[in-house]
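**Q** Mind looking over this structure? Questions follow.
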Amino acid sequence: MKVISRLLEDGGTAVVITVMSGTEAIGSKLLVQESGETFGSLGDQHLDTAATGNALTFLQSRDDTRTISFSELDPNFASDKQILLLYERLQPSPRLVVCGAGHVGASLAKLGRFVGYHTTLIDDRDEFVDPTRFPHEQIELVVAQNWGDAVKEAIGNGRGVAVAIVTRGHNEDEECMHAVVATNPDYVGLIGSKRRTNIVIENLRRAGVSEAKLKNIRAPIGLDIGAVTPEEVAMSIIAEIVSERHGREGRSLSAWRRSDDQPN
């Protein structure tokens, strides 16, 4: 479908709604873009209108799929059968941009690719992004002649993009961060101690970066799992990126179960 191909190429997000049961139009589909523009039909104008109105709510939930009874959308709709609609998120494959190809950056790029992210690894040192370091990895390797230009080009419009800044020093961190805050990626994380990351963020603040953008920077990057080795640090970063992508808090599943078991 050309509409879907164009949508994905542009980095857009949409919902595909399919009639699962309850009408003669089983299998009919309606595509709703973030803008509200629609393509196709569920076979009934009233169904189309109500389903479209709920599409943005579904996108904001960050769920990948959800089955919804039409009675939830319109309790007053008269039907002798239960109409079920399947909502499916449509968006480009998630992308990961890693700035810095040291031990942590290399481990993060490999793990990101393994879990399904289209991964770009950037460094200003040729030998660190030499293909021989990643002989079996499908990772896009970029030698940065200029950090800012390389980072902006890799991020593009920012949709579906997570950026991890794991460079070797303050200067490289700041160059990357200035490029990142000029874009709008879904996730931004900065490695380093509390002191190091505070220095970078304060310098960005003095340079005029808005508080809203500074607030979105995850620094220090990653979840607190006691990571020590580069591989463990990479795992903590990926865990936070995945958690953010799905709108979750990243807490223990067993803690969630135990809280549900508590008596009222």
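The values are calculated or read from the model by the stated rules, or taken from the named source; none is laboratory data. Note that this is a predicted model, so its numbers are computed, not measured. Cβ: placed from backbone, ideal geometry, glycine included. Neighbour counts: every protein chain shown.
**Q** Just checking: which of the helices (runs of 4 or more DSSP H) contained wholly in the stretch 162-259 hold 3 or more residues that are in the same structural domain as Asp123 (by TED's automatic domain parsing), in contact with a strand residue (DSSP E or B) (Cβ under 9 Å, 6 or more places away or on another chain) and of a type in the set (A, V, I, L, M, F, W, C)? So that I can check it myself, show each step before the final result.
**A** Values: elements: 170-181, 194-206, 211-215, 230-245.
Because the criterion is at least 3 residues that are in the same structural domain as Asp123 (by TED's automatic domain parsing), in contact with a strand residue (DSSP E or B) (Cβ under 9 Å, 6 or more places away or on another chain) and of a type in the set (A, V, I, L, M, F, W, C), the helices (runs of 4 or more DSSP H) in the stretch 162-259 that meet it are 170-181, 194-206, 230-245.
**Q** Is it true that Gly12 is surrounded by 16 or more Cβ atoms within 10 Å (Cβ to Cβ) and modelled with pLDDT under 85?
**A** Working: surrounded by 16 or more Cβ atoms within 10 Å (Cβ to Cβ): yes; modelled with pLDDT under 85: yes.
Answer is yes for this residue.
**Q** While we're here: In the stretch 44-63, what count of residues is obtained for those that are surrounded by fewer than 16 Cβ atoms within 10 Å (Cβ to Cβ) and not in a helix (DSSP H, G or I)?
**A** Final tally of qualifying residues: 2.
**Q** Another question, then. Within the set of pairs 6 or more residues apart or between chains, which connect a residue that is assigned by TED's automatic domain parsing to the domain that holds Ala179 inside the stretch 116-144 to a residue that is assigned to a loop (DSSP other than H, G, I, E, B) and among the small types (Gly, Ala, Ser) with Cβ atoms less than 6 Å apart?
**A** The qualifying pairs are His118/Ser93; Leu121/Ala101; Ile122/Ala144; Asp123/Ala101; Asp124/Ala144; Phe128/Ala101; Val129/Ala101.
**Q** Are any residues in the stretch 109-131 buried (at least 20 other Cβ atoms within 10 Å of the Cβ) and assigned to a strand (DSSP E or B), and if so, which ones?
**A** Result: Thr119, Thr120, Leu121, Ile122, Asp123.
**Q** Please determine, by comparing only the residues of the stretch 95-108 that are in contact with a strand residue (DSSP E or B) (Cβ under 7 Å, 6 or more places away or on another chain) and assigned to a loop (DSSP other than H, G, I, E, B), which one is farthest from Asn157 (Cα to Cα).
**A** Ala101
**Q** How many residues, within the stretch 25-59, are touching a residue at least 12 places away in the same chain (Cβ under 8 Å) and farther than 19 Å from Asp10 by Cα?
**A** Keep residues of the stretch 25-59 that are touching a residue at least 12 places away in the same chain (Cβ under 8 Å), which gives 25, 28-34, 36, 38-44, 46-48, 50-56, 58-59.
The next check asks that each one be farther than 19 Å from Asp10 by Cα; those that pass are 25, 28-30, 40-44, 46-48, 50-55, 58.
The number of residues fulfilling the criteria is 19.
**Q** Out of (1) part of a strand (DSSP E or B); (2) of a type in the set (Asp, Glu); (3) loosely packed, with under 13 Cβ neighbours inside 10 Å, the odd one out for Glu88 is which?
**A** Tallying (1) part of a strand (DSSP E or B); (2) of a type in the set (Asp, Glu); (3) loosely packed, with under 13 Cβ neighbours inside 10 Å, Glu88 fails exactly one: (3).
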